[in-house]
Every structure is written in C-alpha cells, then in structure tokens.
Amino acid sequence: MEILRANDVSFEYDAPEEGKPAVKAVKNVSLSVQQGEFLCILGHNGSGKSTFIKLLNGLYLPKSGSVTVGVWDTTDESHTWDIRQKVGMIFQNPDNQIVATVVEEDVAFGLENMGVEPAEIRRRVDKALSTVNMTEYAKQSPSRLSGGQKQRVAIAGVLAMKPDVLLMDEPTAMLDPSGRKEVMDTVEQLNREKGLTVVLVTHFMEEAMRADRLCVMEKGSIVLEGTPREVFAQTETVKALGLDVPPMLELSERLKNDGIAVRGDPMTIEEMAQELCRLKSEI
Amino acid sequence: MREMTIGQFFPGTSFVHRLDPRTKLLIMLAYIVLVFLVKGFVGYGVLAVFLLAACLSAKVKIGYLLKTIKPIIVIVFITFVLNLFFTEGETPWLSLGPVKIYPEGVRFAVMMALRLIFLLMGTSLLTLTTSPMALTDALERLLKPLNKLHFPVHELSMMMTIALRFIPTLMEETDKIMKAQAARGADFDTGNLIDKAKAMLPLLVPLFVSAFRRADDLALAMEARCYHGGDRRTRMKELHYAKIDGIAAALTLLATLGIVAERIFL
C-alpha cells in the first residue's frame, strides 16, 4: 500500500543575493513509498537529499508538483498537523532537536502539542522510552547523554506520536561508530518488528545496504533506484557519482576483471567467503 | 566553567520538595515582600525561624545554604560599610575626623546586610528544592490570567525552558571554541580588563553564529513535532494543590502576621 507519494516535485531556495538565480535543490523527482518499507536515499553533500526529505512532511512546500501523505496534500494547511503526526522526523544534530531539560518531558513534547490527555501522554511516553531502551534515563537531563542516546530519545519522541512513517535526515552523521550502530539497530528493529515505514537519508554506504530499496540522488534528481544489491552492482556508475562501493562488491569486481567467475555479486564478508569457498572447491 | 551553582537543583521527596511549585513561588513572593517589610530584629527572628523551618523540612544542610551567599559577600560588605558611614543620627558613637559613626548607622547597616542575606538564602532554597522545569511551569500557570491582556505567557515560559535547555550545550560549545582559538594562539588570560574583553570577541562571534544556526534547527524540529503555540496544548504533568500546600500557606500566613504585628506594635 502506498503511504507517501512525491509527484514530479521541484523545490528551490531563495537566491542568496538579489539578482542571482534561485538555487534549484530538487528537480522533478517522483517517488512512491510503500507501507512498511525501508527506503534509503543516498547521495553526497549538496545532492538535494536533505531538502527532498523535508518536502515529505510539509516542512518545505514544493515549488511545483505535489507531495501526498495518504490522502492529504502537504500544501493543504488544514491537515498540516495531521501530516506531521503521521510522518515523524529525526534530524542530523541530536542537540538541536531536544526541547526540554528532562528526557521524559522531551518525549512528551509532541504529544502535548497534539493536545493528548495527560494520562495517555504518560502511558505513551513510558512505552516509547522502553521501545528504544531508554527507560532508565527518563528523569535525566539530555545534556548528559551520549549522541546515540540523544538520537534514541528523539526517536522515542517521534514514536510516542504513533507515526506511520519515520523520516530520518542523516541521523548518524554526527555520531561516533558505536552511536551510529546503536541508532541504526534501533531503526532496523522498528522497521522489521513494528512495521514502521522508514525513509533514511544518508551518505554512509553501510547504512544504505541495510535498506529494502535504495535511491541515489545527484544534483537534485534520482539517478539510480533499486535494491541495494542492484544499485551497487553498477560499480562504475556508483563510483562516477562520487560514492563508495561496498568493499566486497569492489573485490568481486576486481576478481571478475582478472577472469575469475564470481557469481551473485556478494555484498557482505560472509557471502564473499562462501563464494570463494565454492570457487576453491571447483578447482 | 561548567560547575555553575546558580539555580542548582537537588531532587528529593521532602515536604518542601513535594509542595506544588505554584505554592512555592507564591510563598517566595510573600517572603520577599516580608523581607522588605521587616523593621527590627524581632521581625528577622520570625523570618529566621521561618527559613530555618523550611530549610530543615527540605533536608537541605544549613551550611550549604550559607555557602550560597558567597557570590554576593562583596556586595553585602559594601552595603554594610556605606550604610555604616553615611547614616546620620543624633549622637555619634565614634568620630575619626570627618567620619562619624552613629548607633543608628550601625543598626541600619546590620539590617541592610541581613536583608540581602535573607533574600538570597530564601531564593536559593527555592531553586535548590524546585526543578527549573517545575518553576517555568508554575510561572506559566500563575500568569495565565494575563493571557486575556494578550501577554504571551506560554511563549515566555517556552523561551525560559529552551534557554535552560541550551545553557549546558552553549557552555560546552564555548569551551570548544576557546580551546580551538587557544590552539591557534589566542590569549584569554593575560593583559588588563580591556585586553581580556577584546580577546573575547573571536569567541563571541562564532558562538553567536552557531547559536543562530541551532535556533533555526530547533524551530524546524519543533514544527516537525506539531508545535503550534500554546493553544489547545496539554501537559503530561498537571499541577494539583494538595493538603500540604494548605499547611505551607498557613505557616506563611503566620509569619506574615508576626511581621505585620511587629511593624504595628513595636
């Protein structure tokens, strides 16, 4: 079932100075997001991916084309708050999206804005905190948490609002490797176990490999689309776009160039090990 | 720099901790008025008993409360000295050339110093036993009637909350920028006052730029979480007056009566 749809969407920022042309960040992008899928938008800096994702919950409104969430168009102001509730968003900087001075108060922030009853807020906050394994920090000040923990608090804040879609704008870009893993594991678990639809914007190839579907953006347009395996198999194109190729795919590419018949484009180390064992047994 | 004690809060479950923050704010208001109403030492006695009782029931160490005066000790001293020398009375106690000290001066100087000390200890007790969140909450609810006069009550309390939230973040940032500038040869410690102020400039500019960027990000994040002002907004923790609030109010009334009686009869 389709849950989010971008129809031939374009967006431009106001010109930085008068007399100069406006900056076109997104150009004629069409994309459909299905319920329960884990979609990743990959691209390097300035590819328009962060702008595009902000169009999906009406933070930015398209210059042309349309974005629909369920049956609502994002330009319809009477449904702005319904859309924001259905489509939650996590931002890049963990510090700049936490509003309150106590963890649980911050998780409650969205619900308070929605006008939910106090008893219900309490219940949902406790549940959301336990979902992201942050219950023991409920009464603490967010400033004492690690980056990964702050992002999990932010995720809890969105989860408490019972969204259908979770948009994430480079949620791990400012985290250390362990924080990155913490956040990605949480997101993957939410997607697989709770069926939450996830749209992840990233420039990390390892994160993109976890997705069901992958879109690569370049200069405001989607240039490649498919499963991570399909996309990364086009090694040359991916490299030409300035992106990394998973190391195992790179290895199999080189083996193929040397005349070794590697089959099935192995992406992970385990797959590669199996394939090499198979090749060895054939010799 | 991060070990600031102003507004520090110690969580607890004592009588004072459990009071509704609105009650505590109102009592504090009454207390401040009383401190200025007090005329003589009997009144200070009443206030001291009141403060001591609050302090004991809050399980805050008296020594800790006394320590909170430290930052204003210089101000207290200057006030004391000025009042000591410049209050005139009838017969001087001491006269050293042009400087004359009258008994009235001594009395007045002691009163003024006590007034400052009582003010600070009282307000410190409030912040020690009430979380900043609870205080802004209480303020929002107490000022609610002003909404009718189009005074932005909710916005004010939201601003206070955000300011409190970002104090540690910006402190950390200042620290980082200072280290970065120092690594490139900036000198924050030597020179006179003007030199030091000038050295602060390369610190303030990046700090402000980053604060504005943060504000932008935060506004987007708040909007993404359905923030649209105070209308129809609910709260997770509602405030309710309980029996203990009545008890505290009664005790405050008693102290008020004592001080008013002192003003009238003594």
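The values are calculated or read from the model by the stated rules, or taken from the named source; none is laboratory data. This structure is a prediction, so every number in the text was calculated from the model and none was measured. Using ideal geometry, Cβ is built from the backbone for each residue, glycine included, and neighbour counts are taken over all protein chains shown.
Summed over the range A:157-190, residues that are assigned to a helix (DSSP H, G or I) and under 16 Å from residue A:41 (Cα atoms) total 3. Starting from residues that are of a type in the set (S, T, N, Q) and surrounded by 14 or more Cβ atoms within 10 Å (Cβ to Cβ), keep the ones in the range B:173-195 and report whichever is farthest from the other protein chains (Cβ to nearest Cβ). Here the residue is B:181. Within the range A:214-223, track down each residue that is buried (at least 20 other Cβ atoms within 10 Å of the Cβ) and either part of a loop (DSSP other than H, G, I, E, B) or touching a Ser or Thr at 6+ places or on another chain (Cβ under 9 Å) (or both). Residues satisfying the conditions are A:214, A:216, A:217, A:220, A:222. Yes or no: residue A:160 crowded, with 23+ Cβ neighbours inside 10 Å and either free of Cβ contacts under 8 Å to residues at least 12 places away in the same chain or not β-branched (Val, Ile, Thr) (or both)? Judged against the criteria, residue A:160 is a match.
Looking only at the range A:133-169, residues that are within 11 Å of chain B (Cβ to nearest Cβ) and basic (Lys, Arg) come to 3 in all. Only one of these is touching a helix residue (DSSP H, G or I) at 6+ places or on another chain (Cβ under 9 Å) and in the same structural domain as residue A:37 (by TED's automatic domain parsing): A:219, A:194. Name it. A:194 is the lone residue from the list that is touching a helix residue (DSSP H, G or I) at 6+ places or on another chain (Cβ under 9 Å) and in the same structural domain as residue A:37 (by TED's automatic domain parsing). The residue pairs whose first member lies in the range A:242-257 and is in contact (Cβ under 8 Å) with a residue 24 or more places away in the chain, whose second member is among the polar types (S, T, N, Q) and part of a helix (DSSP H, G or I), and whose beta carbons are closer than 8 Å, counting only pairs six or more residues apart or on different chains, are A:245/A:235. Every residue in the range B:32-73 that is assigned to a helix (DSSP H, G or I) and over 27 Å from residue B:130 (Cα atoms), please. Those that are assigned to a helix (DSSP H, G or I) and over 27 Å from residue B:130 (Cα atoms): B:41, B:42. Among residues belonging to the range B:141-161 that are touching a residue at least 60 places away in the same chain (Cβ under 8 Å) and surrounded by 13 or more Cβ atoms within 10 Å (Cβ to Cβ), point out the one that is farthest from the other protein chains (Cβ to nearest Cβ). So, considering only residues that are touching a residue at least 60 places away in the same chain (Cβ under 8 Å) and surrounded by 13 or more Cβ atoms within 10 Å (Cβ to Cβ), the one farthest from the other protein chains (Cβ to nearest Cβ) is B:142.
State whether the residues of the range A:174-194 include one that is among the aliphatic types (A, V, I, L, M) and surrounded by fewer than 19 Cβ atoms within 10 Å (Cβ to Cβ).
yes
Return the residue satisfying two criteria in turn: it lies in the range B:196-246 and is among the basic types (Lys, Arg) and either away from chain A (no Cβ under 14 Å) or not in a helix (DSSP H, G or I) (or both), and of such residues it is surrounded by the most Cβ atoms within 10 Å (Cβ to Cβ). Ranking the qualifying residues of the range B:196-246, first place goes to B:225.
Can you tell me which residue among B:251, B:164 is within 14 Å of another protein chain (Cβ to nearest Cβ), in contact (Cβ under 8 Å) with a residue 12 or more places away in the chain and in a helix (DSSP H, G or I)? None of the others qualify; the one that does is B:164. Selection over the range B:141-161 of residues that are in a helix (DSSP H, G or I), within 21 Å of residue B:223 (Cα to Cα) and out of contact with any Gly (no Cβ under 6 Å at 6 or more places or on another chain) gives a count of 8.
Let's see how each residue does on (1) outside the structural domain of residue A:62 (by TED's automatic domain parsing); (2) β-branched (Val, Ile, Thr); (3) within 24 Å of residue A:39 (Cβ to Cβ); (4) in contact with a His (Cβ under 6 Å, 6 or more places away or on another chain):
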position	(1), (2), (3), (4)
A:189	no, no, yes, no
A:200	no, no, yes, no
A:205	no, no, yes, no
A:229	no, no, yes, no
A:237	no, yes, yes, no
A:254	yes, no, no, no
A:266	yes, no, yes, no
A:276	yes, no, no, no
A:280	yes, no, no, no
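Could you count how many residues in the range A:99-131 are in a loop (DSSP other than H, G, I, E, B) and more than 7 Å from every other protein chain (Cβ to nearest Cβ)?
Summing the residues that are in a loop (DSSP other than H, G, I, E, B) and more than 7 Å from every other protein chain (Cβ to nearest Cβ) in the range A:99-131 gives 0.
Residues that are among the hydroxyl-bearing types (Ser, Thr, Tyr) and part of a helix (DSSP H, G or I) were ranked within the range A:225-240; the one that is modelled with the highest pLDDT is A:237.
Residue-by-condition table, conditions (1) in contact with a strand residue (DSSP E or B) (Cβ under 8 Å, 6 or more places away or on another chain); (2) buried (at least 17 other Cβ atoms within 10 Å of the Cβ); (3) more than 29 Å from residue A:31 (Cβ to Cβ):
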position: A:225; (1), (2), (3): yes, no, no
position: A:241; (1), (2), (3): yes, yes, no
position: A:247; (1), (2), (3): no, no, no
position: A:252; (1), (2), (3): no, yes, yes
position: A:261; (1), (2), (3): no, no, yes
position: A:264; (1), (2), (3): no, no, no
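Taking the stated definitions as given, is residue B:258 out of contact with any Pro (no Cβ under 9 Å at 6 or more places or on another chain) and either more than 10 Å from every other protein chain (Cβ to nearest Cβ) or not polar (S, T, N, Q) (or both)?
Judged against the criteria, residue B:258 is a match.
Residues in the range A:61-98 that are within 11 Å of chain B (Cβ to nearest Cβ), in contact with an Asp or Glu (Cβ under 8 Å, 6 or more places away or on another chain) and in a loop (DSSP other than H, G, I, E, B): A:91, A:92, A:93, A:98. Exactly one condition in (1) within 30 Å of residue B:249 (Cα to Cα); (2) out of contact with any helix residue (DSSP H, G or I) (no Cβ under 7 Å at 6 or more places or on another chain); (3) free of Cβ contacts under 8 Å to residues at least 12 places away in the same chain is false for residue B:62; which is it? All conditions pass for residue B:62, except number (2).
Scanning the range B:6-30 for residues that are part of a loop (DSSP other than H, G, I, E, B) and aromatic (Phe, Trp, Tyr) turns up B:9, B:10.
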